[in-house]
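The values are calculated or read from the model by the stated rules, or taken from the named source; none is laboratory data. Remember, predicted model here, so these are calculated numbers, not experimental data. Cβ placement follows ideal geometry from the backbone for every residue including glycine, while neighbour counts extend to all protein chains displayed. Calculation scope for accessible area: heavy atoms of the full protein, side chains included, ligands and nucleic acids excluded. Shrake-Rupley method; radii C 1.70, N 1.55, O 1.52, S 1.80 Å.
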Amino acid sequence: MIPLSHYLIVSAALFTIGVLGVLVRRNVILIFMSIELMLNAVNLSFVAFAAYRNAVDGQVFVFFVITVAAAEVAVGLAILVYLFYQRLTTEVDDINQLSG
């Protein structure tokens with residue numbers, strides 16, 4: 001059996017990559033993908049701790065996080081499509097003002 005620490009190391013690495021993606025990238029789509037990577041890193045930690053404790057509450061939190069992530073993606077991509085239609089770019093520096 002794989003020890004808990006290995007799962008936590010992988011989760012921390014994925015979360016760090018996601019944070020770096022949010023801080024470094026300027027494209028909105030890549031920022032969304034980095035946020036999803038951070039959410040999945042947290043999900044991995046929840047599942048690892050739930051398996052370690054022989055409990056199901058971690059899996060329940062994972063379903064909640066997946067639901068919130070799906071809603072975030074739906075709303076975020078709708079806003080992004082509208083912004084791309086209006087401004088013809090997905091760069092954060094170019095769409096820093098929301099006025100029409």
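Just one of (1) among the hydrophobic types (A, V, I, L, M, F, W, C); (2) surrounded by fewer than 17 Cβ atoms within 10 Å (Cβ to Cβ); (3) farther than 21 Å from residue 24 by Cα; (4) under 14 Å from the mean Cα position of the chain (by Cα) fails for residue 77. It is (3).
Between 44, 83, the distinction of being in a helix (DSSP H, G or I) and more than 18 Å from the chain's Cα centre (by Cα) belongs to 83 only. With respect to residue 66, is the statement that it is in contact with a Lys or Arg (Cβ under 9 Å, 6 or more places away or on another chain) and β-branched (Val, Ile, Thr) true? Spelling it out, it is not the case that residue 66 is in contact with a Lys or Arg (Cβ under 9 Å, 6 or more places away or on another chain) and β-branched (Val, Ile, Thr).
Answer with yes or no whether residue 45 is free of Cβ contacts under 8 Å to residues at least 40 places away in the same chain, of a type in the set (S, T, N, Q) and touching a Ser or Thr at 6+ places or on another chain (Cβ under 6 Å). Yes; evaluated as a whole, the condition is true for this residue. Checked against the criterion of being under 23 Å from residue 13 (Cα atoms) and of a type in the set (D, E, K, R), segment 73-92 has no qualifying residue.
When 63, 15, 46 are screened for being at pLDDT 95 or above and either out of contact with any Pro (no Cβ under 8 Å at 6 or more places or on another chain) or exposed (fewer than 15 other Cβ atoms within 10 Å of the Cβ) (or both), only 15 passes. The condition (being open to solvent by less than 60 Å² (accessible area, probe 1.4 Å) and outside any helix (DSSP H, G or I)) is satisfied by just one residue among 55, 69: 55.
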